[in-house]
Protein chains: 2
Amino acid sequence: MATIMDNKIIITIGREYGSGGHEVGKRLAAKLGIAFYDDELIQEAAKRTGYNIDYVKANDEKAPEVSIGSYFSGLDIYHSTPYDNIQFEEARLIRDIASRGSCVIIGHAADFILKDETCINIFLFAPMKDRIERKMALLAPEEAADMTEAAMEKIMKQKDKQRRRFYEFYTDNKWGAKESYDLSINTSRTGLDGAVSIIETYIEASKGKDLLSDM
Amino acid sequence: MATIMDNKIIITIGREYGSGGHEVGKRLAAKLGIAFYDDELIQEAAKRTGYNIDYVKANDEKAPEVSIGSYFSGLDIYHSTPYDNIQFEEARLIRDIASRGSCVIIGHAADFILKDETCINIFLFAPMKDRIERKMALLAPEEAADMTEAAMEKIMKQKDKQRRRFYEFYTDNKWGAKESYDLSINTSRTGLDGAVSIIETYIEASKGKDLLSDM
């Protein structure tokens, strides 16, 4: 049974779009005084692959758009796509980062990529209407003028679908299913700082503990 | 958006068999100094229905064994079974308990029965092998002699299936899906006292908070 016995702490955070994953991870890393990676992965992957940063950003956390046809088209090898190059480089990068020391990593299937490390894997979610409300409130005035709740809902569903497709294309796990994570938090009941506190308590609680510790 | 503004705290705990739900709930209620209900529901339901306690216990948290045939057999009303009488009485009881004041309620679809109250709904789970290990370690020596891990796994799967069928028969939600709860905790990483601390932190974090509190 995996327990956190040493001082290295690796936290991965999967998240529904708008549930506050980026911000929770950033605040958690700041409180713990450890490294934080989200868009930093994109910049580094751009450097390593040689693709320009906008191209990497556009293809970050996406699965290739393969049709069923391409799998059964008689090719006897799987041709890796630019998507794959980006994802594989990001995966290598995530392993490098984790080997360096404590960190918080957002998304990018880091929980699966680091499945042989002792990570704490978190998933943040919230009901759609609450996430829409948050994202609408975060818009700059000039963006808000052109945005409706219906349009925001569409963006939200698209982003979540993209993340799910990416995660399930590159891993053996189900995105957002509680079994894939150690802790799943509905952030609409706790706010972002509340979620940070809950994760901190989880980290403390999990030091050297298992189901036989205090049964 | 539901927030906990008043002093009444109602915690419901759904749980996989062997993940420590009963014990976590009991310790949490003791720490918070509030009422605790699990088997207490069975005793009370026996009194109210007039069924004997062993019969209620045997049918507690079970769905009726209806075949597809019975739904399409030409009957124009749904005949309630003894199962239903027990479940409906327990549901009434759960509503009475919640109206009285703060409490922790284990299982019995309390989260769904109390969906119009402001509850905090928790789900506890753990990998099968860890739950087997815990349940084996909890056996009395004379029971342990007659039990194998394979037999324990069979019991465990049966219990979880029963709880799932019960929950999904009587509610509109999916048992153990993170969306049905506010917080899902893998107890094999935290032990039972760790899970208690995490739930306590959640309760504190959720007081008057929502996704717009501190975005």
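If you filter the stretch A:112-124 down to residues that are within 12 Å of chain B (Cβ to nearest Cβ) and open to solvent by 20 Å² or more (accessible area, probe 1.4 Å), you find that the one that is modelled with the lowest pLDDT is A:Thr118. Looking only at residues of the stretch A:134-156 that are in contact (Cβ under 8 Å) with a residue 24 or more places away in the chain and out of contact with any Ser or Thr (no Cβ under 9 Å at 6 or more places or on another chain), we find that the one that is farthest from A:Glu90 (Cα to Cα) is A:Glu153. Among the residues of the stretch B:32-55, those that are under 16 Å from B:Asn85 (Cβ atoms) and not in a helix (DSSP H, G or I) comprise B:Gly50, B:Tyr51, B:Asn52. For the stretch A:114-174, give me every one of the helices (runs of 4 or more DSSP H) that falls completely inside it and has 2 or more residues that are of a type in the set (A, V, I, L, M). Of the helices (runs of 4 or more DSSP H) lying wholly inside the stretch A:114-174, those with at least 2 residues that are of a type in the set (A, V, I, L, M) span A:128-138, A:149-170. Counting just the residues of the stretch B:145-179 that are among the aliphatic types (A, V, I, L, M) and under 30 Å from A:Leu124 (Cβ atoms), which one comes out surrounded by the most Cβ atoms within 10 Å (Cβ to Cβ)? Checking each candidate, the answer is B:Met156. Checking the structure you have, find out if any residue of the stretch A:127-144 is of a type in the set (A, V, I, L, M, F, W, C) and open to solvent by 60 Å² or more (accessible area, probe 1.4 Å). Yes, the stretch A:127-144 contains a residue that is of a type in the set (A, V, I, L, M, F, W, C) and open to solvent by 60 Å² or more (accessible area, probe 1.4 Å). Scan the stretch B:177-199 residue by residue and report those that are free of Cβ contacts under 8 Å to residues at least 60 places away in the same chain and in contact with a Phe, Trp or Tyr (Cβ under 6 Å, 6 or more places away or on another chain). Within the stretch B:177-199, B:Ile198 is the sole residue that qualifies. Per the listing B:Ala58, B:Ala91, B:Ala29, the residue uniquely away from chain A (no Cβ under 14 Å), part of a helix (DSSP H, G or I) and at pLDDT 95 or above is B:Ala29.
Among all positions in the stretch B:125-137, there is at least one residue which is at pLDDT 95 or above, within 18 Å of A:Asn186 (Cβ to Cβ), within 14 Å of another protein chain (Cβ to nearest Cβ) and under 18 Å from the mean Cα position of the chain (by Cα).
Taken over the stretch B:157-178, the residue count meeting the criterion of being away from every other protein chain (no Cβ under 14 Å) and acidic (Asp, Glu) is 2. Close contacts from the stretch B:200-215, counting a first residue that is farther than 14 Å from A:Asn186 by Cα and more than 7 Å from chain A (Cβ to nearest Cβ) and a second that is hydrophobic (A, V, I, L, M, F, W, C) and open to solvent by 30 Å² or more (accessible area, probe 1.4 Å), with Cβ to Cβ under 6 Å and a gap of 6+ residues or different chains, come to B:Gly208/B:Met5.
The values are calculated or read from the model by the stated rules, or taken from the named source; none is laboratory data. Fair warning: this is a prediction, and the values are worked out from it, not measured in the lab. Positions of Cβ are backbone-derived with ideal geometry, glycine not excepted, and every protein chain shown enters the neighbour counts. The accessibility values were calculated without ligands, DNA or RNA, using every heavy atom of the protein model including side chains. Shrake-Rupley method; radii C 1.70, N 1.55, O 1.52, S 1.80 Å.
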